[in-house]
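Okay, so here's the structure we're looking at.
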Amino acid sequence: MSVANLRPNMDHWQHRVDLAAAFRWTARLNMHEGVANHFSLATNDDGTQFLMNPNQMHFARIRASDLLHIDANDPSTMEGPNAPDPTAWGLHGGIHRHCRHARCVMHVHSIHATVLASLADSRLPPIDQNCATFYNRYVIDENYGGLAFEDEGARCAQLFTDPKKKVMIMGNHGVLVIGETVAETFNRLYYFERAAETYIRALQTGQPLRVLPDDIAEKTARELETYPDQDARHLAELKAILDEEGANYAT
């Protein structure tokens with residue numbers, strides 16, 4: 001039986017399975033933050049209803065059936081016994097409420113992206129192919145204002161005005177990535193962390209950087225944006241590995 005048919009009584013089942021797999025693999029890559037950080041995925045046209053991980057549940061344990069279904073426009077959400085984490089409600093609710101093209105939102109404090117976010121100059125120069133992926137395709141938040149409660153979430157959402165820019169380097173905080181699907185967004189998160197690692201390690205050598213010319217960096221970014229099916233195949237392979245291992249993410 002396919003994973004899509006394991007729990008037909010639950011809405012948005014395949015979305016739940018994909019999101020659960022992304023949580024599991026993020027934990028395996030040590031890009032999690034204990035029982036903090038959150039992923040969300042919109043389920044309605046305007047993006048105000050979304051799936052999100054439960055409050056204080058480790059990424060390595062999350063199953064498809066554990067995911068909360070939240071309405072960003074329902075102020076009573078935080079009053080129930082199964083209320084989400086307040087900062088998840090603030091940050092993800094704010095983005096889904098104000099940024100319709102952010103269908104999927106992934107926020108982590110992964111090590112190398114957070115190191116980049118901690119530098120006075122948090123730009124990511126195009127020193128290799130992975131770094132060039134993000135050439136002119138990120139925004140830097142220079143105004144960290146504390147934990148991401150509702151005001152902070154609304155402020156961050158306003159930074160995604162350019163639909164081409166789908167990564168927010170959150171100064172003094174971490175990284176937030178948006179996309180249309182779980183596969184697209186996770187793929188972007190994965191490669192941003194890889195790019196940040198390459199850059200940080202290159203800085204550690206103390207040697208001059210070999211930075212790509214602007215036209216080649218832009219050409220590379222465009223080519224990678226249209227590279228066929230890589231994101232979907234990436235996630236499919238990760239789910240296949242989890243399935244072979246007997247993981248219970250799709251339950």
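I need the phi-derived Karplus couplings for segment 18-29: 6.51 cos²θ - 1.76 cosθ + 1.60, θ = phi - 60°, integer Hz, Gly and Pro marked x.
With coefficients 6.51, -1.76 and 1.60, one gets 4, 5, 4, 5, 5, 4, 4, 6, 4, 5, 4, 7 Hz.
Name the residue farthest towards the positive end of the dipole of segment 3-244 from the options Ser76, Cys156, Gln207, assuming +1 on Cβ of Lys and Arg, -1 on Cβ of Asp and Glu, about the Cα centre.
Among Ser76, Cys156, Gln207, the one farthest towards the positive end of the dipole of segment 3-244 is Gln207.
Could you tell me what % of all Cα pairs in segment 1-150 have separations over 25 Å? Please list the in-between numbers first.
Working: 3875 of 11175 pairs.
The share of Cα pairs beyond 25 Å in segment 1-150 comes to 35 percent.
Between Ser65 and Leu119, what's the calculated FRET efficiency when r is the beta-carbon distance and R0 is 35 Å? Round to 0.05. Walk me through the intermediate numbers first.
Working: r = 40 Å, r/R0 = 1.15.
Efficiency at R0 = 35 Å is approximately 0.30.
Give me the distance in nm between label points sitting 7 Å out from Cα along the Cα-to-Cβ direction at Ser76 and Met10, one decimal.
Distance between label points: 2.4 nm.
Using just the helices of the chain, give the 222 nm mean residue ellipticity in deg cm²/dmol: DSSP H runs with n ≥ 4 each add -39,500 (n - 2.57), and the total is spread over all residues, rounded to 500. Walk me through the numbers on the way to the answer.
Numbers: 8 runs with 100 residues, N = 251.
It lands at -12500 deg cm²/dmol.
Using only alpha carbon pairs under 8 Å that are at least six residues apart, calculate the relative contact order of the chain and give it in whole percent. List each step's numbers first, then the result.
Working: 442 pairs, mean separation 58.9, N = 251.
Rounded, it is 23 percent for the chain.
Need the full-extension length gain, Asp162 to Arg28, defined as separation in residues times 0.36 nm minus the C-alpha distance. One decimal, nm. Working shown, then result.
Values: separation 134, 0.36 × 134 = 48.24 nm, distance 3.19 nm.
Taking 0.36 nm per residue and subtracting the Cα distance, the gain is 45.1 nm.
For each of Ser76, Ser40, Ser110, count neighbouring Cβ atoms within 10 Å of the residue's Cβ, then give the residues from fewest to most. Please report the intermediate quantities before stating the final value.
On the way: Ser76 8, Ser40 30, Ser110 25.
Result, fewest neighbours first: Ser76, Ser110, Ser40.
Using each residue's phi in segment 159-165, evaluate 6.51 cos²θ - 1.76 cosθ + 1.60 at θ = phi - 60° and report the 3J(HN,Hα) Karplus result to the nearest Hz, with x for Gly and Pro.
Working through the residues one at a time gives 7, 8, 7, 9, x, 6, 9 Hz.
In whole Hz, what ³J(HN,Hα) sequence does segment 108-124 give by Karplus (6.51, -1.76, 1.60; θ = phi - 60°), x for Gly and Pro?
Rounded to whole hertz, the list is 9, 10, 4, 4, 6, 5, 6, 4, 4, 5, 8, 7, 4, 10, 8, 5, 10.
What Kirkwood Rh does segment 156-251 have if only Cα atoms enter the pairwise 1/r average? Answer in Å.
After inverting the mean inverse Cα-Cα distance, the result is 16.0 Å.
If you average the sequence gap of Cα pairs under 8 Å that are 6 or more apart and divide by the length of segment 69-193, what percent do you get for the contact order? Please report the intermediate quantities before stating the final value.
Numbers: 194 pairs, mean separation 43.5, N = 125.
Computed value for segment 69-193: 35 percent relative contact order.
Which cross-chain or sequence-distant (5 or more) residues have an amide H under 5 Å from the amide H of Val139, H modelled 1.01 Å from N in plane?
So Val139 has HN proximity to Val167, Met168, Ile169.
Long-range amide H contacts for Ser110: which residues qualify at under 5 Å (H placed 1.01 Å from N, peptide plane, sequence gap of 5 or more or a different chain)?
Placed amide hydrogens put Val175 under 5 Å from Ser110.
Any read-out appearing in this document is the output of simple, stated calculations on the displayed coordinates, not a laboratory observation. Since this is a predicted model, take the numbers as computed values, not measurements. Here the Cβ is made from the backbone with ideal geometry for all residues, glycine too, and neighbour counts use every protein chain on show.
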